[in-house]
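The values are calculated or read from the model by the stated rules, or taken from the named source; none is laboratory data. Note that the structure is predicted; figures quoted are calculated from it, not measured. Ideal geometry is used to build each Cβ from the backbone, glycine not excepted, and the neighbour counts take in all protein chains shown.
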Amino acid sequence: MEFIEAVEDFLHHCQLNEGKAKNTVDAYRQDLADYRRFMSRNKIGLDQIAYKDLIEWVNHLKLTKKPTTVNRLVSSVTGFHRYLSSQYKFADPTVKLSISRAKNPLPKTLGRSDINRLLKSFPVTALGEYQRTICEMLFATGLRVSELCELQFQQVYSQEGLLRIIGKGDKERIVPIGKSALSAYKNYLEHVRPNWVKKGSSAVFIGPNGKQLSRQYVWAMLKCKSTELGFDPKISPHTLRHSFASALLEGGADLRVIQELLGHSDISTTQIYTHIESSRLHKNYDQFHPGRLLDKENDDE
């Protein structure tokens, strides 16, 4: 079996049999293309890859890649070889592969005051209202940016204030919209979208050119806003999703409810937000609790 053929077979399996999202499959494709190029440069065929070759590859990655990127690439390649081993009885060179995994940083979030600053920063123009509605919807619902971009009218129940979202693995979930976001949404539909819509535009969110909203547009828009408002330059659409979950947890929502609203299949994925709140509690304690003064006095003795 040729390398390219094996990769395409694996990707086909991931998409059809495992229900992986298109973005995930595309990421696998890119990771495995990089992996294949490395082995090709070293004149190593698919059936010749040994453990020592993997170690050399990982060491090569560490020269230019961040630890989190190395981990992702290793995970993609490990899944690929495990698939070939189970389906075609290929020897699996990743069995002994182990790298030191860097601790994942806590997700970036925006507090209530920063969210308010963001939402109030948009001008009262068609484009400003459009961009504000995008941010309102992302923060109010916790949608993935791809889910917002692909939102169709039949998924929106305005009267009930609900969205029916088809997430990763074609899993369906019901998400409340919230009064502020619903008001912005209705204003966009009434005053903005009709002036931009073109024949065949079925997506809820379309730009001034009549084309469906893209993830790249939302990323670029938030990057500009981050610069304008002095936020962390790494703020992204996912930051609003993280902020949604963090705000719910801070307000006393049950972790299982947050898991359901975010569409996480595993509760352990949602539990990262408990670490955010724990970190915030420690920060507030260190800043305001009188116990910090006692600690300082002890240090001075």
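Odds and ends about this structure:
- Identity of the residue in segment 193-210, assigned to a loop (DSSP other than H, G, I, E, B) and of a type in the set (A, V, I, L, M), that ends up modelled with the lowest pLDDT: VAL197
- Selection status of VAL175, buried (at least 18 other Cβ atoms within 10 Å of the Cβ) and not in a helix (DSSP H, G or I): yes
- Segment 139-160: number of residues that are surrounded by 16 or more Cβ atoms within 10 Å (Cβ to Cβ) and either of a type in the set (D, E, K, R) or part of a loop (DSSP other than H, G, I, E, B) (or both): 6
- Of the set (1) in contact with a Phe, Trp or Tyr (Cβ under 9 Å, 6 or more places away or on another chain); (2) without any contact (Cβ under 8 Å) to a residue 60 or more places away in the chain; (3) surrounded by 15 or more Cβ atoms within 10 Å (Cβ to Cβ); (4) under 27 Å from ASN17 (Cβ atoms), all apply to LEU84 but (2).
- Hey, LYS66 of a type in the set (Lys, Arg), outside the structural domain of ALA247 (by TED's automatic domain parsing) and under 30 Å from GLU250 (Cβ atoms) or not: yes
- Within segment 242-269, the set of residues being touching a residue at least 40 places away in the same chain (Cβ under 8 Å) and not in a helix (DSSP H, G or I) comprises GLY263, SER265.
- Selection count where residues are at pLDDT 85 or above and surrounded by fewer than 16 Cβ atoms within 10 Å (Cβ to Cβ), scope segment 87-107: 5
- Helices (runs of 4 or more DSSP H) contained in segment 32-138 and holding at least 1 residues of a type in the set (Gly, Ala, Ser): 67-88, 112-120
- Scope segment 178-209; condition exposed (fewer than 15 other Cβ atoms within 10 Å of the Cβ) and at positive phi; matching residues: GLY200
- Some residue of segment 193-203 being touching a residue at least 24 places away in the same chain (Cβ under 8 Å) and either charged (D, E, K, R) or not assigned by TED's automatic domain parsing to the domain that holds SER146 (or both): no
- Criterion (in the same structural domain as ALA203 (by TED's automatic domain parsing) and closer than 30 Å to VAL70 by Cα) met by exactly one of VAL156, VAL145, VAL124: VAL145
- Single residue of segment 10-67 satisfying the filter (under 20 Å from ARG215 (Cβ atoms) and in contact (Cβ under 8 Å) with a residue 24 or more places away in the chain) that is surrounded by the fewest Cβ atoms within 10 Å (Cβ to Cβ): ASN23
- Checking each residue in segment 161-172 for being free of Cβ contacts under 8 Å to residues at least 40 places away in the same chain and assigned to a helix (DSSP H, G or I) picks out no residue at all.
- Residue within segment 211-229 that is touching a helix residue (DSSP H, G or I) at 6+ places or on another chain (Cβ under 8 Å), over 30 Å from GLY19 (Cβ atoms), loosely packed, with under 15 Cβ neighbours inside 10 Å and modelled with pLDDT under 95 present: yes
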